[in-house]
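Undergrad: First, the structure itself, so that you have it in front of you.
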Amino acid sequence: MFPHNADFADLTVLPPALDALVDAAAALAATAVDDVADPDLRAAAASEFEASGGPFRGES
């Protein structure tokens, strides 16, 4: 099943893939810093999460 195959695995170690990995990690880290530093952002995120159904959305 794509993308879980040997050809795809070979691509994951090429420089563009590693660059994308670093970019994604930096974005996640920046998001974490924003979350820790801004209590209003945390409250807004928590409110939106609860409004969307919380941790059990879609489960019956």
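The values are calculated or read from the model by the stated rules, or taken from the named source; none is laboratory data. Keep in mind it's a predicted model, so treat the numbers as computed, not measured. No Cβ is skipped: glycine too gets one built from the backbone with ideal geometry, and neighbour counts run over all protein chains shown. Accessible surface is based on the protein model in full, side chains and every heavy atom, while ligands, DNA and RNA are left aside. Shrake-Rupley method; radii C 1.70, N 1.55, O 1.52, S 1.80 Å.
Undergrad: Anything in region 40-52 that is open to solvent by 70 Å² or more (accessible area, probe 1.4 Å) and of a type outside the set (Asp, Glu)? List them, or say none.
TA: Residues satisfying the conditions are Leu41, Arg42, Ser47, Phe49, Ala51.
Undergrad: Taking region 1-41 on its own, how many of its residues are in contact with a helix residue (DSSP H, G or I) (Cβ under 7 Å, 6 or more places away or on another chain) and either at pLDDT 95 or above or of a type in the set (Asp, Glu) (or both)?
TA: Residues that pass the stated criteria total 4.
Undergrad: Could we say that Ala20 is assigned to a helix (DSSP H, G or I), surrounded by 11 or more Cβ atoms within 10 Å (Cβ to Cβ), under 16 Å from the mean Cα position of the chain (by Cα) and of a type in the set (Gly, Ala, Ser) here?
TA: Values: assigned to a helix (DSSP H, G or I): yes; surrounded by 11 or more Cβ atoms within 10 Å (Cβ to Cβ): yes; under 16 Å from the mean Cα position of the chain (by Cα): yes; of a type in the set (Gly, Ala, Ser): yes.
For Ala20, the condition - assigned to a helix (DSSP H, G or I), surrounded by 11 or more Cβ atoms within 10 Å (Cβ to Cβ), under 16 Å from the mean Cα position of the chain (by Cα) and of a type in the set (Gly, Ala, Ser) - is met.
Undergrad: OK, next. Take Pro55 and decide whether it is loosely packed, with under 10 Cβ neighbours inside 10 Å and under 20 Å from the mean Cα position of the chain (by Cα).
TA: Details: loosely packed, with under 10 Cβ neighbours inside 10 Å: yes; under 20 Å from the mean Cα position of the chain (by Cα): yes.
Judged against the criteria, Pro55 is a match.
Undergrad: Still on this model: Out of Ala30, Ala37, Ala6, which single residue is among the small types (Gly, Ala, Ser) and surrounded by 10 or more Cβ atoms within 10 Å (Cβ to Cβ)?
TA: On the way: Ala37 fails: surrounded by 10 or more Cβ atoms within 10 Å (Cβ to Cβ); Ala6 fails: surrounded by 10 or more Cβ atoms within 10 Å (Cβ to Cβ).
None of the other options fit; the residue is Ala30.
Undergrad: Follow-up. Return yes or no: is Pro3 in contact with a Phe, Trp or Tyr (Cβ under 9 Å, 6 or more places away or on another chain) and without any contact (Cβ under 8 Å) to a residue 40 or more places away in the chain? Give the derivation first.
TA: Details: in contact with a Phe, Trp or Tyr (Cβ under 9 Å, 6 or more places away or on another chain): no; without any contact (Cβ under 8 Å) to a residue 40 or more places away in the chain: yes.
Taking the combined requirement at face value, the residue does not satisfy it.
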